[in-house]
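Student: Dropping a structure here in structure tokens format, bear with me for questions.
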Amino acid sequence: MVIKKTTEKTNTVLAERGKTAYTVVLPQEPTEYETFAAGELCRIFDMAAGVKPEVVPENDLAAKDCRIFLGYTKALEKLGEKPTFETFSYDGYKIRTEGNDVYIFGFQRGTYFGVYEFCRIHFGYRYYAKTEIAIEKAESYPLYKTEVFEKPDIAARSLGFWSTYKFECEGNKEHAARLKLGRNLYSDWILSAHTYFLILPKEKYFAEHPDWYSPDGMNLCLTNEEMTAQFIENLKEIIAKTPGHYVMIGQEDNFGFCGCERCKALVKETGSPAAVMMRFANKVAREIGAWLKETDPHRPLTLVTFAYNATSTPPVKKDGQGNLVPACDGVVAEDNLAVMVVPFSCVYSKEYTDKKYNLRTAENFEGWHAVAKNLHVWTYCTNFDNYLINFNNWGTMKKNYTILRDLGVSFIFDQGSHNSPTPCFEELRQFLQSQLLWNLDQSQEELTDEFFENYYKDIAPHMKHYWELIRSRWDFIEEALGEGARTGAGDSSCWNLREFWPKEFLTYCMSVLNDARAKLELLRAAEWDKYVLLRPRLTKDSLSVRSILLAVYGNDYGSELPRKIERFKADCKASGILVYNEGDFLEIC
């Protein structure tokens with residue numbers, strides 16, 4: 001969401017022929033975000049102009065005429081600028097020039113997201129994937145008079161892929177930042193997911209206070225006031241000693257709910273377990289909010305509760321005009337409380353609001369929107385049964401993100417293949433998702449064409465044709481095979497069946513890939529570096545259709561089958577594919 005943007009070429013030279021007069025200036029005690037921003041600016045500066053500006057702390061700054069100030073410097077403060085959470089949120093940024101000086105700043109990650117936009121304006125910088133970055137090479141780069149203020153459409157964005165989620169692996173954290181994500185599910189979280197027992201451990205409290213827990217011991221008893229008081233005290237202690245901006249107060253990972261007589265009575269009175277859960281969560285949120293106001297009033301912190309399993313149905317009813325309204329008192333979320341909704345049993349090739357195919361999802365989103373101004377969503381974008389089969393939500397990606405934005409969703413975790421890369425156009429998917437989550441005014445079609453042109457280069461027409469073939473096949477499967485296909489194939493479940501994948505179709509897909517391979521061979525002598533870059537990309541993406549051929553028509557290979565399997569596995573390994581599915585380590589054939 002671009003709020004304000006002006007750029008005008010000046011006579012000042014930013015860099016020319018491997019030289020620059022500019023110095024990067026950091027606050028005297030920079031934050032981790034400001035330090036990273038300086039490193040990224042110097043890295044891209046060097047890629048474009050062949051020179052890295054000197055980086056200095058503000059107090060050491062000698063008389064300089066050309067300076068790029070990053071973050072919350074004293075010089076910025078003198079201009080009357082102060083980035084606040086209320087204005088910038090976590091990721092918004094502003095770029096401002098004053099004469100020859102440049103100011104790039106945000107509340108947190110916005111500072112380095114602003115660096116990427118500054119480099120796009122001045123160097124034509126564009127990040128597509130770990131191994132594909134575009135820079136417009138020139139002898140001279142002028143400074144543009146710039147005023148930009150930008151915030152993402154979705155305030156916090158996280159993609160659960162191997163390369164955007166496993167920050168402990170080399171390069172993944174930087175990759176997420178360069179996609180303008182900068183976080184995984186756990187970044188910024190004090191606690192996340194199922195946390196009741198982390199806050200109130202059974203091993204510590206159950207022996208003396210069994211009534212604090214449900215009769216089956218699987219969850220907390222949310223109507224027990226003594227338990228609630230201890231829960232709040234424990235949570236205060238956790239928050240006080242742990243940095244972070246979100247804390248989940250989330251039920252355990254099961255389908256149960258407390259069945260004590262008091263809870264059963266309140267469920268009957270209020271109409272749902274979700275109503276009981278919201279009353280509990282609101283009490284916690286009020287107490288934590290009041291405590292923070294006294295102890296740390298400037299700390300932004302959102303508490304999050306789970307609409308999950310037993311509590312997934314929202315606590316709402318219809319009024320006389322058919323509008324959804326709170327079912328009872330005490331269920332409207334406090335301002336510092338968000339509700340994380342999980343769209344279970346969703347057909348992802350259809351819009352969330354499509355009540356023919358996604359009735360439960362549509363009703364749940366509508367209902368939770370009626371009682372919570374701030375929603376979080378944990379959604380899915382991969383085939384967990386078989387990572388090698390494409391996930392059919394290309395046509396609804398932008399539409400569903402737009403629906404979530406309009407519902408007031410501020411945090412999206414879109415869970416992909418978190419424990420392995422995949423051969424399902426994963427780089428394209430990450431580029432599109434990250435771009436759209438930032439700015440939904442962009443054209444998905446134009447972004448797609450841009451990616452194919454820059455990532456696949458000479459073989460882009462072949463690879464896009466192959467991608468379109470797979471997409472159209474899934475559409476055909478859903479239309480031809482009816483409701484059963486829509487509940488399975490519709491979200492790309494593992495259906496390796498002959499009627500889904502005729503051999504003629506798969507053979508044609510392979511012929512398209514072979515044409516791409518032939519085009520690559522023409523580059524081998526003339527453009528070796530490009531050949532070396534593109535060959536692994538083609539090999540990786542071919543593994544999807546090859547896996548279906550092996551699984552469905554493997555016996556047709558006869559004595560060649562063992563060799564085909566070994567070659568397939570070797571290419572998987574070379575492509576970094578670690579496992580074939582989420583949990584069972586599925587072996588092909």
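Read-outs: derived from the displayed coordinates by stated rules, not from any lab. Not measured: the values here are computed from a predicted model. Neighbour counts run over all protein chains shown; Cβ positions are idealised from the backbone, glycine included.
Student: Longer than 18 Å from Cα to Cα, which of LYS317/LYS398; LYS4/LYS74; LYS356/LYS399; LYS151/LYS293 are they? Say none if no pair is.
Tutor: The answer is LYS317/LYS398; LYS4/LYS74; LYS151/LYS293.
Student: Where the centre of each part is set by its Cα atoms, how far does segment 47-111 sit from segment 289-316, in angstrom?
Tutor: 33
Student: Let me ask something else about it. If you take every residue apart from ALA134 with its C-beta less than 13 Å away from the C-beta of ALA134, what net charge results, scoring Lys and Arg +1 and Asp and Glu -1?
Tutor: Net charge in that neighbourhood comes out at +1.
Student: Grab the beta carbon distance between ARG535 and GLU16, set R0 = 35 Å, and tell me the FRET efficiency rounded to 0.05.
Tutor: Result of the calculation: an efficiency of 0.45.
Student: Between GLU208 and ARG120, what is 0.36 nm times their sequence separation minus the Cα-Cα distance? Round to one decimal in nm.
Tutor: 25.6 nm
Student: Right, here's the next one. Which whole-Hz couplings ³J(HN,Hα) result when phi for each residue of segment 17-25 is put into the Karplus expression 6.51 cos²θ - 1.76 cosθ + 1.60, θ = phi - 60°, listed in order with x for Gly and Pro?
Tutor: Running phi through 6.51 cos²θ - 1.76 cosθ + 1.60 with θ = phi - 60° gives 6, x, 10, 8, 8, 8, 10, 8, 10 Hz.
Student: Semi-axes of the equivalent ellipsoid of segment 1-159: what are they in whole Å, largest first, if each equals the square root of 5 times a C-alpha gyration tensor eigenvalue?
Tutor: Over the Cα atoms of segment 1-159, the semi-axes work out to 22, 20, 15 Å.
Student: Can you give the net charge of the other residues whose Cβ lies under 14 Å from the Cβ of THR84, counting K and R as +1 and D and E as -1?
Tutor: In short, 0.
Student: Still on this structure: Any chance you could run the full-extension gain for LYS145 through GLU479? It's 0.36 nm times the residue separation minus the Cα-Cα distance, nm to one decimal.
Tutor: Extra length from LYS145 to GLU479 when fully extended: 114.9 nm.
Student: Tell me the trypsin sites (Lys or Arg not before Pro) within segment 231-270 that lie in a loop according to DSSP and have at most 11 other beta-carbon atoms within 10 Å.
Tutor: Within segment 231-270, no trypsin sites (Lys or Arg not before Pro) qualify (loop, at most 11 other Cβ atoms within 10 Å).
Student: A follow-up question, please. Over segment 216-349, what is the percentage of antiparallel beta bridges among all DSSP beta bridges, to the nearest 5?
Tutor: Once the DSSP bridges in segment 216-349 are tallied, antiparallel ones form about 25 percent.
Student: With unit charges on the beta carbon (Lys/Arg positive, Asp/Glu negative), name the residue among ILE403, PRO461, ASN59 whose Cα is farthest towards the positive pole of the charge dipole of the chain.
Tutor: Result: PRO461, furthest along the dipole toward the positive end.
Student: Calculate the FRET efficiency for GLU77 and ALA229 from the Cβ-Cβ distance with a Förster distance of 41 Å, rounded to the nearest 0.05.
Tutor: 0.45
Student: Dipole of the chain, Cα-centred, from +1 at each Lys and Arg C-beta and -1 at each Asp and Glu C-beta, to the nearest 20 debye?
Tutor: For the chain, the charge dipole is close to 800 debye.
Student: For segment 1-74, what does the equivalent ellipsoid look like in terms of its semi-axes, each the square root of 5 times an eigenvalue of the Cα gyration tensor, given largest first in whole Å?
Tutor: That gives 20, 18, 14 Å for the three semi-axes.
Student: Sorted by mean Cβ packing within 10 Å, highest first, what order do the peptides 301-309, 271-279, 333-341 take?
Tutor: Peptide ranking by packing, descending: 271-279, 301-309, 333-341.
Student: Return a whole-number percent for the relative contact order of the chain, with Cα pairs under 8 Å and 6 or more residues apart as the contact set.
Tutor: Value for the chain: 11 percent.
Student: Between GLN442 and ASP319, what is 0.36 nm times their sequence separation minus the Cα-Cα distance? Round to one decimal in nm.
Tutor: Here the segment from GLN442 to ASP319 would lengthen by 40.5 nm.
Student: Shifting gears a bit: Using +1 on the beta carbon of Lys and Arg, -1 on that of Asp and Glu, and nothing else charged, what's the dipole of segment 1-157 about the Cα centre, debye to 20?
Tutor: Once rounded to the nearest 20, the dipole reads 340 debye.
Student: Restricting to Cα atoms and excluding each atom paired with itself, what does the Kirkwood estimate give for segment 455-574 in Å?
Tutor: Kirkwood radius, segment 455-574: 15.7 Å.
Student: Give me the one-decimal nm value for the distance between modelled label points at TYR557 and ASP515, 7 Å along each residue's Cα-to-Cβ direction.
Tutor: 2.5
Student: To continue, here is another question. Listed highest first by mean packing, meaning other Cβ atoms within 10 Å per residue, what order do 122-130, 516-524 come in?
Tutor: 122-130, 516-524
Student: With runs of 4+ DSSP H residues as the only contributors, calculate the mean residue ellipticity of the chain at 222 nm using -39,500 (n - 2.57) per run, divided by the residue total and rounded to the nearest 500.
Tutor: -13500 deg cm²/dmol
Student: So, counting K/R as plus one and D/E as minus one, what does the shell of residues with Cβ under 14 Å around GLY160 add up to?
Tutor: So the environment of GLY160 carries a net charge of +1.
Student: Here are a few candidate values for Rg and Dmax of the Cα atoms in Å: (1) 26.5, 78; (2) 25.2, 81; (3) 23.8, 74. Which one was actually calculated from the structure I just gave you?
Tutor: (1)
Student: Mind giving me the FRET efficiency for LEU469 and ASP65? R0 is 56 Å, r the Cβ-Cβ distance, nearest 0.05 is fine.
Tutor: 0.45
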